[in-house]
Amino acid sequence: MDREYDIIVIGAGFGGPVAAKLCADAGLKTLLLERSKEVGDKVISGLTIPFYGFLFAPSFIRDGNPPFERPSDGIDNYIITDLENEEIILDNSLKVPLPFSPIIAFGYNTYCKPFCQWLAHKAVDSGAELRTSTTVVDFIEKDNEIQGVITDKGEKIRGNIIINSEGSQGLLAIKAGIREKYPAETISLADTYDYIMPKEDIDRIFGYSVKMCWGWDEQKAAPPLGYGNGLMVWPYRNSLHFMQDQCLRLDNQKVPNLRKLFDIYHKKITSKLPWWRDLVEPRIKLRARMWEGFEIYVGLNRELRQLPLVKDGMILIGDVAGLESTELCDGVPAAWFSAEIAAEVAIKAIKAHNYSSQALKEYEFKIKSHPIIRWSISGRNRYNLRFAQKTHNLKKLKRYIHNGWGLGALTTFTSPFLKMVIPYLKKDPSILSKWIKMFFRYYQNWLYESYDYQRGTLAKSSQMKRLTKEERKFLRWMRFIDIGVVLMTRIGKKFKNIINSLSTSMNTFLKSFLPLIEPLYFFILRVSRPFAISYSQKLINFVKKANSATFTVINERGVKYYG
Amino acid sequence: MVKTSKKFPGVKWIEGTGEFIKIDIKKCTGCGSCTKVCLAECFQIVDKKAELMSLDECMECASCWYICPEDAIDFFWPPGGTGYKSNWG
């Protein structure tokens, strides 16, 4: 039977366009459907995309120039124990140390709309067909196999494999009988304010830090954490986002009046939190207010985690597959990882003309064994946080915040991270230099590129020139690193078992020794500060002046990626 | 036609959504959960039953659909190209 498309992707958010691009690159006839008039109209929360998202992202993102609003070098956690008397504890231990900050970033803050548009452009450039203003309302189903989609205009479009990236509500996945409605306890409602603020003020007050607030329930300063989240403020180029989010329901308690609660939280923070009241409030102007539901808690629920991710003819990716991160409340890295895996499996299935769930099962297996996805969706720290908050145990609260959003996060993140890094080094010896160039290029983009909202394009101002002596030296160093990686992987082969077990046990090691190492680490940071400042200035000056070609990565096919 | 709201700046609503949220009056017990979670005040309780007032400021978050203990709320995306849009998400 002839079908019009090999692949139909539903939803042009963060995951969909990536899957569409990779399928189109493989020569498959790909259709990308989006319900909004323009791509990115319906995405609500701006966000910080953490660095690991970019490191392990599909190469066109890693080696490209996506639009950013500001790099972020870490988190300032404010633990509010008594707002009236300004008893506030600061934990800002999770920060990229100085000579590297802000060039090597912890994450990149971005508005969703330009980013999704950039991704969708990439998909279209690769040959995928994009149709906006098209809501998929149902599927063409025969013998329990999904064979296509039915749009709101009644049009039937047939495709071999449907990659479903509709987002967390999963209305279509439920229709297809592959998923259930998530319980209200798993859903966090995020109320977002977008403020305009002059760039100089943001540079001075926020620098590159995301600020988070936590507090006791009765303080009514930040939403109850643990099952819900808390309060985040993240800076952009010349604006900032204030986001408070809370679960729809907590511990089977009565449904709270969120409208009233959010108003109270917002008023309290803006009028009583010292740094907001004195520094931020006089300098901001409200530009937008919106909200969206997120599925922060899904990964923690074992039953929900066991739900299937594939069906005959359909694969779920990103939020609809329940992959939003419990740890950092961020679904983008997992959406990219799952999109890449889905595309890989779909391409294979189409080549073999087998679209059954049996053939697509490989996707499910790879998602469930993906070290970073597994870490990010099932972080138990949220249970601990909620417990500490309920029992009013400040010592525990401090510890769990430190373990989730402070340096203590290394005790859960290091092993999954190493498990991802090692195969990447084996697969591509030049990956380390690509990563370094990525950070440098992204920093240069932040300096020189801004998103033109009128024209919907990136305005790039840096020009291509001949490389200077310093730039050639940098590239020589990158080549040295590449050679180093090749040598290391050769030696590493002999010690494969030792390296594997070391990376697995790294978390356990850090759990016992990080408390000892930490004071030493901060002592070294303090002692080396003058040196670090001057070195970081040198680094920034180099990146500022450098020719953009220095950091350009040419991928295997010899295609140069520009924004 | 495009609508805006003073309460929620920076957001536009394109007309033509139709009633994409429906309440099953038979199932509704009038518990009021939907009125509590909806930040746009789309619902009200009349005679111990939830009633849809207006979808003019709805941001399609589906909280009402998630929270309804009786599954009395039916939610589906509005037709393509309609409903809320924002540049600042």
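Per-residue answers, yes or no, for (1) over 30 Å from A:Arg259 (Cβ atoms); (2) in the same structural domain as A:Glu38 (by TED's automatic domain parsing); (3) in contact with a helix residue (DSSP H, G or I) (Cβ under 6 Å, 6 or more places away or on another chain); (4) among the acidic types (Asp, Glu):
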position	(1), (2), (3), (4)
A:Gln117	yes, yes, no, no
A:Lys122	yes, yes, yes, no
A:Arg131	yes, yes, no, no
A:Lys142	yes, yes, no, no
A:Glu155	yes, yes, no, yes
- Members of segment A:188-201 found to be more than 12 Å from A:Glu281 (Cα to Cα) and among the β-branched types (Val, Ile, Thr), listed by number: A:Thr192
- Task: Go over the candidates A:Gly215, A:Gly230, A:Gly293 one by one and state the one that is within 11 Å of chain B (Cβ to nearest Cβ), under 28 Å from A:Phe387 (Cα atoms), among the small types (Gly, Ala, Ser) and crowded, with 22+ Cβ neighbours inside 10 Å.
- Result: A:Gly293
- Note on the structure: The condition of being within 14 Å of another protein chain (Cβ to nearest Cβ), modelled with pLDDT of 95 or more and under 19 Å from A:Lys29 (Cβ atoms) holds, among A:Val137, A:Val149, only for A:Val149
- Where B:Glu15 falls short, out of the listed (1) modelled with pLDDT of 90 or more; (2) closer than 30 Å to A:Asn109 by Cα: (2)
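Pick out the one residue from A:Asp25, A:Asp76, A:Asp91, A:Asp41 that is under 23 Å from A:Met243 (Cβ atoms), in the same structural domain as A:Gly167 (by TED's automatic domain parsing) and charged (D, E, K, R). Break it down stepwise before answering.
On the way: A:Asp25 fails: under 23 Å from A:Met243 (Cβ atoms); A:Asp76 fails: in the same structural domain as A:Gly167 (by TED's automatic domain parsing); A:Asp91 fails: in the same structural domain as A:Gly167 (by TED's automatic domain parsing).
Within the list A:Asp25, A:Asp76, A:Asp91, A:Asp41, the selection yields A:Asp41.
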- Within segment A:94-116, the residues that are buried (at least 20 other Cβ atoms within 10 Å of the Cβ) and more than 16 Å from A:Arg70 (Cα to Cα) are A:Leu94, A:Cys116
- Scan segment A:296-322 for residues that are surrounded by 24 or more Cβ atoms within 10 Å (Cβ to Cβ), over 18 Å from A:Leu360 (Cα atoms) and modelled with pLDDT of 85 or more and report the count. 1
- Query: Scanning segment A:6-40 for residues that are within 14 Å of chain B (Cβ to nearest Cβ) and basic (Lys, Arg), which turns out surrounded by the fewest Cβ atoms within 10 Å (Cβ to Cβ)?
  - Reply: A:Lys37
- Task: Just name the residue that is surrounded by the most Cβ atoms within 10 Å (Cβ to Cβ) out of those in segment A:534-563 that are modelled with pLDDT of 80 or more and of a type in the set (Ser, Thr, Tyr).
- Result: A:Thr550
- Message: The conditions are (1) buried (at least 21 other Cβ atoms within 10 Å of the Cβ); (2) free of Cβ contacts under 8 Å to residues at least 60 places away in the same chain, and B:Met53 fails exactly one of them. Which is it?
- Response: (1)
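When only residues in segment A:69-126 that are small (Gly, Ala, Ser) and assigned to a strand (DSSP E or B) count, which is nearest to the chain's Cα centre (by Cα)?
Of the residues in segment A:69-126, the ones small (Gly, Ala, Ser) are A:72, A:74, A:93, A:101, A:105, A:107, A:120, A:123, A:126.
With assigned to a strand (DSSP E or B) added as a condition, the list becomes A:72, A:74, A:107.
Values: A:Ser72: 13, A:Gly74: 14, A:Gly107: 8 Å.
Among those residues, the one meeting the criterion is A:Gly107.
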- Item | Residue that is outside any loop (DSSP other than H, G, I, E, B) and within 7 Å of chain A (Cβ to nearest Cβ), where the choices are B:Lys22, B:Lys3, B:Lys12, B:Lys36 | B:Lys36
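What are the residues in segment A:172-194 that are small (Gly, Ala, Ser), touching a helix residue (DSSP H, G or I) at 6+ places or on another chain (Cβ under 9 Å) and within 11 Å of chain B (Cβ to nearest Cβ), if any?
First, pick out the residues of segment A:172-194 that are small (Gly, Ala, Ser): A:173, A:176-177, A:184, A:188, A:190.
Those left that are additionally touching a helix residue (DSSP H, G or I) at 6+ places or on another chain (Cβ under 9 Å): A:173, A:184.
Within segment A:172-194, A:Ala184 is the sole residue that qualifies.
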- Item | Any hit, segment A:324-345, residues being part of a helix (DSSP H, G or I), touching a Cys at 6+ places or on another chain (Cβ under 8 Å), assigned by TED's automatic domain parsing to the domain that holds A:Gly16 and within 26 Å of A:Tyr424 (Cβ to Cβ) | yes
- Item | Filter result (of a type in the set (D, E, K, R) and either part of a helix (DSSP H, G or I) or within 13 Å of chain B (Cβ to nearest Cβ) (or both)) within segment A:158-171 | A:Glu166
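I want to confirm something. Restricting to segment A:272-290 and keeping residues that are outside any loop (DSSP other than H, G, I, E, B) and within 14 Å of another protein chain (Cβ to nearest Cβ), which single residue is surrounded by the fewest Cβ atoms within 10 Å (Cβ to Cβ)? Explain how you work it out, then say what you get.
Taking segment A:272-290 as the starting set, the residues that turn out to be outside any loop (DSSP other than H, G, I, E, B) are A:272, A:274-283, A:285-290.
Still in the list and also within 14 Å of another protein chain (Cβ to nearest Cβ): A:285-290.
Working: A:Lys285: 8, A:Leu286: 12, A:Arg287: 15, A:Ala288: 20, A:Arg289: 22, A:Met290: 23.
Residue satisfying both the conditions and the ranking: A:Lys285.
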- Within segment A:41-68, how many residues are over 16 Å from the mean Cα position of the chain (by Cα), touching a residue at least 40 places away in the same chain (Cβ under 8 Å) and within 14 Å of chain B (Cβ to nearest Cβ)? 1
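So, B:Ser86, is that one within 7 Å of chain A (Cβ to nearest Cβ), in contact (Cβ under 8 Å) with a residue 12 or more places away in the chain and among the polar types (S, T, N, Q) or not? Before the answer, list the steps.
Numbers: within 7 Å of chain A (Cβ to nearest Cβ): yes; in contact (Cβ under 8 Å) with a residue 12 or more places away in the chain: yes; among the polar types (S, T, N, Q): yes.
Judged against the criteria, B:Ser86 is a match.
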- Query: Do we find that B:Phe8 is of a type in the set (Phe, Trp, Tyr), touching a helix residue (DSSP H, G or I) at 6+ places or on another chain (Cβ under 8 Å) and surrounded by 15 or more Cβ atoms within 10 Å (Cβ to Cβ) in this structure?
  - Reply: no
- Checking A:Leu240 against (1) under 21 Å from A:His392 (Cα atoms); (2) within 14 Å of chain B (Cβ to nearest Cβ); (3) of a type outside the set (S, T, N, Q); (4) surrounded by 24 or more Cβ atoms within 10 Å (Cβ to Cβ), the condition it does not meet: (1)
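Are there strands (runs of 3 or more DSSP E) fully within segment A:172-271 with at least 2 residues that are under 21 Å from B:Glu60 (Cβ atoms) and of a type in the set (Ser, Thr, Tyr)? List them. Quick ask: steps written out before the conclusion?
Details: elements: A:188-196, A:209-215, A:231-235, A:239-247.
It comes to A:188-196.
I need the full set of residues from segment B:41-81 which are in a loop (DSSP other than H, G, I, E, B), facing chain A (nearest Cβ under 8 Å) and either of a type outside the set (A, V, I, L, M) or out of contact with any strand residue (DSSP E or B) (no Cβ under 6 Å at 6 or more places or on another chain) (or both), in order please. Quick ask: steps written out before the conclusion?
Our first condition is that a residue be in a loop (DSSP other than H, G, I, E, B); within segment B:41-81, this holds for B:41-42, B:47-48, B:53-62, B:68-72, B:76-81.
Okay, now just the ones that are also facing chain A (nearest Cβ under 8 Å), so B:41, B:59-62, B:76-81.
Correct list: B:Glu41, B:Glu60, B:Cys61, B:Phe76, B:Trp77, B:Pro78, B:Pro79, B:Gly80, B:Gly81.
The values are calculated or read from the model by the stated rules, or taken from the named source; none is laboratory data. Nothing here was measured: the structure is a model prediction, and the numbers come from that model. So basically every Cβ, Gly included, is an ideal-geometry build from the backbone, and we count neighbours across all protein chains shown.
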